[in-house]
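Remarks on the structure that follows.
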Amino acid sequence: AQTIHQWPVAEIKAVGSPLSLGCTIKGKSSPNLYWYWQATGGTLQQLFYSITVGQVESVVQLNLSASRPKDDQFILSTEKLLLSHSGFYLCAWSLELSQNTLYFGAGTRLSVL
Amino acid sequence: QQQVRQSPQSLTVWEGETAILNCSYEDSTFNYFPWYQQFPGEGPALLISIRSVSDKKEDGRFTIFFNKREKKLSLHITDSQPGDSATYFCAASEPYQRFGTGTKLQVVP
């Protein structure tokens, strides 16, 4: 069975500080990977997607970057956090890029102060 | 621009009633419509989905009705249970998924 693990579970960070969030998928080779951001009580906004190692596509510009250093790992990062980065970050995987079911991780709650 | 809209924003029903959640979209190229259920503090999970070639999809107490001409869908939850209390997201896909604004459902015992 496939499992998706996100870390950390929660972060409290200062404005201007760096950030790194991680996601690991086990039990599925070469998955399509995604990062989503969700404001409290809000909808889900796709940030990045990746179909293979080393290849990441940006969907929206939020002063964030993503990398896929391994087939089963997806990293979201920034060098300088903004207040607007606060929210719930969700990693997801799918079998196909289109007409796909997304399987989400448990998320990381980020508070920027 | 919100390409997938949901209504109502929140909905309260009594246990045993049918909850109806609505969704509409703008882009006629969308052809896959999953509904996700999200509990507080958790990631969304697929509840039920439909492809645009169908007009109805049923799975237990959950049914999607799809009207391609009007670009509208609805999720019907029959015999609602308190455990169904969650936020429901309609999404539309092609090539990547766009999520609606969500409907927060509360089922009162």
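The values are calculated or read from the model by the stated rules, or taken from the named source; none is laboratory data. Note that the structure is a prediction, hence the values are computed from the model and not measured. Virtual Cβ from ideal backbone geometry, glycine too; neighbours counted across all protein chains shown. In case anyone asks, the SASA skips ligands and DNA or RNA and just uses the protein heavy atoms, side chains included. Shrake-Rupley method; radii C 1.70, N 1.55, O 1.52, S 1.80 Å.
Quick notes
- Tally, over region A:84-107, of residues that are assigned to a strand (DSSP E or B) and within 20 Å of A:N32 (Cβ to Cβ): 8
- Just one of the listed residues (A:S111, A:S84, A:S67) is within 14 Å of another protein chain (Cβ to nearest Cβ), small (G, A, S) and under 25 Å from A:V15 (Cβ atoms), and it is A:S111.
- Verdict on A:L81 being surrounded by fewer than 20 Cβ atoms within 10 Å (Cβ to Cβ), part of a loop (DSSP other than H, G, I, E, B) and more than 12 Å from the chain's Cα centre (by Cα): no
- Annotation note: of A:S111, A:S29, A:S17, A:S94, the sole residue that is farther than 29 Å from B:V4 by Cβ, over 12 Å from the mean Cα position of the chain (by Cα) and open to solvent by less than 60 Å² (accessible area, probe 1.4 Å) is A:S17.
- Subset of region B:96-109 (residues that are open to solvent by 50 Å² or more (accessible area, probe 1.4 Å) and either under 15 Å from B:Y25 (Cβ atoms) or away from chain A (no Cβ under 13 Å) (or both)): B:Y96, B:R98, B:T101, B:Q106, B:P109
- Considered as a group, the residues in region B:35-67 that are surrounded by 12 or more Cβ atoms within 10 Å (Cβ to Cβ) and among the β-branched types (V, I, T) include one that is farthest from A:Q38 (Cα to Cα), and that residue is B:T63.
- Tabulated pairs, region B:77-93, first without any contact (Cβ under 8 Å) to a residue 60 or more places away in the chain, second surrounded by fewer than 23 Cβ atoms within 10 Å (Cβ to Cβ) and in a helix (DSSP H, G or I), C-beta under 7 angstrom, 6+ apart or interchain: B:I77/B:D84
- So B:S28, is it open to solvent by 40 Å² or more (accessible area, probe 1.4 Å), farther than 23 Å from A:L90 by Cα and either modelled with pLDDT under 95 or within 13 Å of chain A (Cβ to nearest Cβ) (or both): yes
- Restricting region B:41-82 to residues that are of a type in the set (G, A, S) and within 23 Å of A:F88 (Cα to Cα), the residue that is nearest to the other protein chains (Cβ to nearest Cβ): B:G43
- Residue, least open to solvent (accessible area, probe 1.4 Å), within region A:32-59, restricted to residues that are of a type in the set (S, T, N, Q) and part of a loop (DSSP other than H, G, I, E, B): A:T43
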